[in-house]
Amino acid sequence: MPKSITNSTISSDLATKLKQARKQRGLTQGQLAKRIGADIQRISKYERNILVPTTEIMVKLSEALDVSLDYLLKNGKNRVAGKIRDTQLLDCFAQVDTLPDKDRDILKALLEAFIKKHRFEELAMH
C-alpha cells in the first residue's frame, strides 16, 4: 500500500472540504469508504487531517463526492461548483463555458435577470 504524505505538506482545507462535500451529498464516512474501497478509519483520519490521501485516493474521492480535484486541492475560498449538488446543472455550465463569448454573455444576462426576478418575487411575498 502506498504511503500517505504527512499533514504538514498540505492545508487542513482539504480535510474540511472532504467532510463538507461528504455531508452535502448525504454520505456517511462508511458509505464514502465503501465507494472508494477504503475503511472508515481512513476516511476519519482524512477528515481530521491526520492523514493526507494519496493521489490515487484523491481521484477516487473526487469521483465519489462528485467534486473536482481542483476544488479539493486549491487553498482559499471554496469554489461555487463544489457547492452545487445538481450535476445536470454543472454539466450545462461546463458546456456553456465552451460557447463563444457573445453567447456566454447573453446566457449570463438571462440568468442574472431570472435570479433578480425570483428574488423580487420572494420579497413581494413577505
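Since every read-out is calculated from the coordinates, none of them should be taken as a lab result. Computed from a prediction, not measured in an experiment: that's the story for all the values here. Positions of Cβ are generated from backbone atoms using ideal geometry, with glycine treated the same way; all protein chains shown enter the neighbour counts.
Before moving on, here are some points about what is shown:
- The slack between ASP103 and GLU56, meaning 0.36 nm per residue of separation minus the straight C-alpha distance, is 13.2 nm.
- Taking 0.36 nm per residue of separation and subtracting the Cα-Cα distance, full extension of the segment from HIS118 to THR28 would add 29.0 nm.
- Per-residue 3J(HN,Hα) values for segment 96-104, derived from phi via the Karplus relation 6.51 cos²θ - 1.76 cosθ + 1.60 with θ = phi - 60°, read 4, 4, 8, 6, x, 3, 4, 5, 4 Hz in sequence order (x marks Gly and Pro).
- Label zone at ASP66 (point 7 Å along Cα-to-Cβ), backbone N below 17 Å, segment 86-119: 86-95
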